[in-house]
1. Given a 10 angstrom Cα cut-off, can you work out which residue in ILE79, ILE41, ILE107 is the most mobile in a GNM of the chain?
2. Starting at 0 and stepping by 10 Å, how many percent of the alpha carbon pairs of segment 87-131 end up in each bin?
3. What whole-number value in Å² describes the accessible area per residue of segment 89-210 for a 1.4 Å probe?
4. Using Cα centres only, tell me the gap between segment 75-107 and segment 125-153 in whole Å.
5. If each DSSP helix of 4+ residues adds -39,500 (n - 2.57) and the sum is divided by the residues in the chain, what number results at 222 nm, nearest 500 deg cm²/dmol?
6. Which percent of the accessible area of segment 61-194 is formed by carbon and sulfur heavy atoms (probe 1.4 angstrom)?
7. For segment 44-122, compute the orientation-averaged projected area of the C-alpha convex hull (one quarter of its surface), in nm².
8. What helices does the chain have that are whole DSSP H segments, at least 18 Å long along their own axis by Cα, and with mean Kyte-Doolittle hydropathy of 0.0 or more?
Amino acid sequence: MDALTAHLSQLGHGLVTTVELTVVTTVGAMLLGIVVATLRIAPVPLLRAIGTAYVEVLQNLPLLALLVLFVFALPTIGISFPLFTSAAIVIAAYEGAYLAEAIRAGINTVGVGQAEAARAIGLTFGQSLRHVILPQGLRAVIQPIGNICIALLMNTSLAAAVGVVELTQAANNVNLLEAQPIAVFTGAGLAYMLLALIIGQVTGVLERRLAIVR
């Protein structure tokens, strides 16, 4: 415990960075997921192909490899960002592929009659998606989205591999000074667990409040 209390500010800074990275990447991944899910169900074959290709490629590449490529390889051709920004972009793009599939599954739960009714009153595909289909589809998959957000939280720890001083890296730095891995990493693990529980609780509340009564 002494190792933790002596470095609370350092660990606290890492925890704040983890929370910030989680929030930023969650927002980015959700927006990207909605766009990609829309492409996946678009009436234009080329758009569907683009959406499918995005999901297939991102879901079949390791996140760590993408982080290393983005942070260390792209600067060699003149493309570089701050470490936090780089990690946020890569994690959001990666998790966006999984959120796109969850959102598409939610859209598929919306009855065909809903889309037909929207077309019957003169709504375009975009208007139908925005006002009728997407709101119902998202409400149907709140729990799966919450699970992906928890996975996203855990995946932020990989940002340590490219130099972002989030909770895992902060814990590693403290352990290098104190040589007490059990205490340090158990404390970090409990912090991750607490954050995951908070996400789970928020998801549960949203699911109950926004449940669709059929």
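1. ILE79
2. 24, 37, 24, 13, 1
3. 49 Å²
4. Each part reduced to its Cα centre gives a spacing of 18 Å.
5. Details: 11 runs with 160 residues, N = 214.
When only DSSP H runs of four or more count, the value is -24500 deg cm²/dmol.
6. 68 percent
7. Details: hull surface 30.2 nm².
For the Cα atoms of segment 44-122, the hull's average projected area reads 7.5 nm².
8. Working: long enough: 8-41 (48 Å, 1.45); 45-59 (21 Å, 0.83); 83-108 (37 Å, 1.04); 142-155 (19 Å, 1.38); 181-209 (42 Å, 1.21).
What comes out of the filter, once short or polar helices are dropped, is 8-41, 45-59, 83-108, 142-155, 181-209.
The values are calculated or read from the model by the stated rules, or taken from the named source; none is laboratory data. Keep in mind it's a predicted model, so treat the numbers as computed, not measured. Methodologically, a virtual Cβ is constructed for each residue, glycine included, from the backbone with ideal geometry; neighbour enumeration extends over all protein chains shown. Please note that ligands, DNA and RNA were not included when accessible areas were found on the heavy atoms of the full protein model with its side chains. Shrake-Rupley method; radii C 1.70, N 1.55, O 1.52, S 1.80 Å.
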